[in-house]
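Notes follow once the structure below has been shown.
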Amino acid sequence: MYIPKYFKVTNIDEIRDFVQKNSFGTIVTTEQGKPIATHLPLGLKKQGDDTYITGHMAYGNPQWKTFETCENVLVMFQGPNAYISSSWYSHENVPTWNYQAVHVHGKASILEKDELIEDLAIMLEKYEENRENPVLWDKLSPQLLESELKGIVGFKIKAEEIQAAYKLSQNRNKLDYMNIIDKLQNEDNSQSKEMAELMERRMNRNEANE
């Protein structure tokens, strides 16, 4: 991923937090030179000094069969994104687009059944814990779980390279930066509003650290 120096993120804790919050990712592998992609909810797991992306896909999805032959698997995560009009600047310029993206490269392997069950239980807990009637692993019938397990394949991807780009108008002066936030907040678009909140938090954090 091409990352200009203004937008490069290297803080691994910040990147892990981003992946946890934006966990619906895209896995890309190749088969005979042809890219294959699947969009999935994914987990993040630390084992010692190593970081793994975990998840599962349908047994009928042929992509999992490429894990054995594909030396380098790419996983992509995205945060909010928004169009930035150059009319919001105090000087003449061209429009651009703000976004957040993380790419993880690594080698994939298939999870054993007990590893898959552990990963599924963690995923259910993450997404169900704040529900009124949470559907957790130990609340589901063994018959249903055994049946469902036969239809999926679990996997983990050992992160060997992590790239992160947060393009949040960091290269703009303070006047333009604050005007961009104001304009985004008034856009009739949830992504734009989320980008405005993100930029404002970044500004407040940087001012607090000065």
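Any read-out appearing in this document is the output of simple, stated calculations on the displayed coordinates, not a laboratory observation. All values derive from a computational prediction rather than experimental measurement. Cβ coordinates were reconstructed from backbone atoms using ideal geometry, including for glycine residues, and neighbour counts include every protein chain displayed.
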Between the range 94-157 and the range 1-51, what is the separation of their alpha carbon centroids in Å? 15 Å
Checking the table LYS5/LYS193; LYS126/LYS193; LYS107/LYS139 against a 28 Å threshold on Cα-Cα, which pairs fail? LYS107/LYS139
How long are the three semi-axes of the equivalent ellipsoid for the chain, computed from the Cα gyration tensor as the root of 5 times each eigenvalue, in whole Å, largest first? 37, 21, 16
Helix-only mean residue ellipticity at 222 nm, the chain, DSSP H runs n ≥ 4 weighted -39,500 (n - 2.57), per residue, nearest 500. What is it? -10000 deg cm²/dmol
Size of the dipole of the range 1-129 about the Cα centre, Lys and Arg at +1 and Asp and Glu at -1 on the beta carbon, nothing else charged, in debye to 20? 500 debye
Just report the Cα centroid separation between the range 56-80 and the range 172-210, whole Å. 34 Å
Kirkwood Rh, angstrom, the range 40-114 [1 / mean 1/r, Cα pairs]: 15.8 Å
Sequence neighbours fewer than 8 away in the same chain don't count; with that in mind, list the aspartates and glutamates whose C-alpha is under 14 Å from LYS65. GLU31
Taking square-rooted eigenvalues a ≥ b ≥ c of the alpha carbon gyration tensor, is the range 82-151 rounded, prolate or oblate, where a/c under 1.5 means rounded and, failing that, a/b exceeding b/c means prolate? prolate
Candidates ASN133, ASN72, ASN11: whichever shows maximal mean-square fluctuation once the chain is modelled as a Gaussian network with Cα springs under 10 Å: ASN133
Please give every one of the aspartates and glutamates within straight-line cross-link reach of LYS150, meaning a C-alpha to C-alpha distance under 19 Å, and leave out same-chain neighbours fewer than 8 residues apart. GLU112, ASP114, GLU115, GLU118, ASP119, ASP138
Short version: ³J(HN,Hα) in whole Hz for each residue of the range 33-50, in order, from phi by Karplus 6.51 cos²θ - 1.76 cosθ + 1.60 (θ = phi - 60°), x for Gly and Pro, what are they? x, 9, x, 10, 10, 9, 9, 8, x, 10, x, 10, 9, 9, 10, x, 8, 9
